[in-house]
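The values are calculated or read from the model by the stated rules, or taken from the named source; none is laboratory data. Just so it is clear, the model here is predicted, and its values are computed rather than measured. For neighbour counting, all protein chains shown are included, and Cβ atoms are generated from backbone atoms with ideal geometry for every residue, glycine included.
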Amino acid sequence: MGEQFRIEEDSLGEMQVPVDAYWGAQTQRAVENFPISGVTFGRRFIRALGVVKKGAAQANRDLGLVAEETADAIVAAADEVIAGEHDEQFPVDVFQTGSGTSSNMNANEVIANRAAEVAGAEIGDRVVHPNDHVNYGQSSNDVIPTAMHVAALEAVEKDLMPALESLHAELEAKEAEFDGVVKTGRTHLQDATPVRLGQEFGGYRTQVQKGIERVSAARDQLRELALGGTAVGTGLNTHPEFPALAAEYISEETGTTFREADDHFEAQAAHDAMGDAHGALRTVAGSLNKIANDLRLLASGPRNGLGEIEQPENQPGSSIMPGKINPVVAEAVNQVHTQVVGNDAAVSAGAARGELDLNLYKPVIAHNFLQSAELLSNAAETFGERFVAKLEANEEHCAEQVENSMALATALNPAIGYDAASTVAKQALKEGKTVRQVAIEEGYLTEAEADEVLDPAAMTNRVILGDD
């Protein structure tokens, strides 16, 4: 056992810690106290913890609160955490103390022990102390919400928005490619007046564009950092210049803008910003779900469905039906939507809770938000590249469907009136004829008039009635 463990101490006494672990006694207690899910924080949140600890050390060094040599060692160790070199050193379950204290101390201990090595000492020597140095002027109560905002904003700006922009570009390309394809519109899943396939894809493109705008609008409130509020928001044991200075260093490290919270009490006691921002993610997930469902319908078949577009052959669709191809990528997007809706329930419930001066749902809010951002980022990029980009229009089938549509009778209204147009539509359906055939046979229109009035492509353009 002596070869496998070392002894570390905290205020509660001694703990056995794996000999090669950078974490210490408090992290080990958390590992043993929370065998809940086996789910630990991912790359984005661990990186954010490193970013916060680095910025705090730089600020404390500049303010003369932590010795320069010690602060520089902390910065070097934090850089390694930021780079992902020690992700395996963060074993604490997401479902832990509601303040995230265990994860904060996990970061403090890992960085302190690694900084000790950088300074030429041994792990556990405490030449760099997890509380007195790495956590100087901080509390879990302001560090964790700060890391939440840093991780969330980076996930949005560096992952989600680029992925949505990629999908937007693919939809825009298809909008142009399919602009000349006239097809049957559908409302209530029933035939409606003609529409161009490009117009439908333009609608999808606009949905994604508006989603980007919604996510972008949610970013500003995530720029506020709770750091500097310490235990309850009063800033006890923190230099008055520390919050703004640390925020500057965090901004420099991430390449995006952060600032001190407008109100530290609000920033620690409530997480409305996370709830609101996740609402934007939920809306984006709904948009992608709608688009994926529409494309699945348009590609249904290949012989007994709508069959207006041809989907890519990403993989065999059945273990029993030879030749079957399913819209598997679109279905994955549908499932992501379901998960994000579930995550939104957890984030919303957590953001609305927490008693008095501290919201105690920080870890679960952070985890669910970051999972949603990651799922949406991957889904949007995959959907664009592996499904949307490979779609093809079945132009001949679309034209046949339009010609047979009863909804073409709508264009007869200005020419022969609603009642006569309705009679034409009903007779065409009953006799298995086209609206055009019946309108001509019954003498409502000449062939030349029918060519003009019942031109499907012309019906897809806005017409100003009464214009000379």
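Annotations for the structure displayed:
- Meets criteria (assigned by TED's automatic domain parsing to the domain that holds PRO35, out of contact with any Asp or Glu (no Cβ under 9 Å at 6 or more places or on another chain) and under 30 Å from LEU356 (Cα atoms)) for GLY98: yes
- Of the criteria (1) hydroxyl-bearing (Ser, Thr, Tyr); (2) loosely packed, with under 14 Cβ neighbours inside 10 Å; (3) outside any loop (DSSP other than H, G, I, E, B), which one SER37 fails: (3)
- Residue within segment 222-240 that is part of a helix (DSSP H, G or I) and under 30 Å from LEU391 (Cα atoms) present: no
- Residue count for segment 428-462 under the criterion of being part of a helix (DSSP H, G or I) and surrounded by 15 or more Cβ atoms within 10 Å (Cβ to Cβ): the result is 11.
- Against the numbered list (1) surrounded by 14 or more Cβ atoms within 10 Å (Cβ to Cβ); (2) free of Cβ contacts under 8 Å to residues at least 24 places away in the same chain, GLY305 comes up short only at (1).
- Those residues of segment 252-286 which are part of a helix (DSSP H, G or I) and over 22 Å from the mean Cα position of the chain (by Cα), in sequence order: GLU252, GLU253, HIS264, PHE265, GLU266, ALA267, GLN268, ALA269
- Sole exception among (1) surrounded by fewer than 19 Cβ atoms within 10 Å (Cβ to Cβ); (2) in contact (Cβ under 8 Å) with a residue 24 or more places away in the chain for GLU170, by number: (1)
- The set of residues from segment 157-196 being of a type outside the set (D, E, K, R) and under 15 Å from PHE383 (Cα atoms) comprises LEU160, MET161, PRO162, ALA163, LEU164, SER166, LEU167, HIS168, ALA169, LEU171, ALA173.
- In segment 129-167, of all residues being among the hydroxyl-bearing types (Ser, Thr, Tyr) and outside any helix (DSSP H, G or I), the one that is surrounded by the most Cβ atoms within 10 Å (Cβ to Cβ) corresponds to SER139.
- Condition check for THR410: of a type in the set (Val, Ile, Thr) and either outside the structural domain of ILE291 (by TED's automatic domain parsing) or under 30 Å from ALA267 (Cα atoms) (or both): yes
- Cβ-Cβ under 7 Å pairs, at least 6 apart or on other chains, segment 446-468 side within 12 Å of VAL195 (Cα to Cα), far side of a type in the set (Val, Ile, Thr) and at pLDDT 90 or above: PRO456/VAL182; PRO456/VAL402; ALA457/VAL182; MET459/THR193; THR460/VAL182; THR460/VAL195
- Residue count for segment 186-238 satisfying the condition of being aliphatic (A, V, I, L, M), touching a Lys or Arg at 6+ places or on another chain (Cβ under 8 Å) and closer than 30 Å to ASN404 by Cα: 3.
- Only a single criterion out of (1) in contact with a Leu (Cβ under 9 Å, 6 or more places away or on another chain); (2) of a type outside the set (S, T, N, Q); (3) assigned to a helix (DSSP H, G or I) is not satisfied by GLY198, namely (1).
- Residue selected from segment 1-34 under the condition in contact (Cβ under 8 Å) with a residue 12 or more places away in the chain and in a helix (DSSP H, G or I), by the criterion farthest from THR97 (Cα to Cα): ALA25
- Residue match in segment 120-128 (condition: surrounded by 19 or more Cβ atoms within 10 Å (Cβ to Cβ) and either under 31 Å from the mean Cα position of the chain (by Cα) or not assigned by TED's automatic domain parsing to the domain that holds ALA56 (or both)): no
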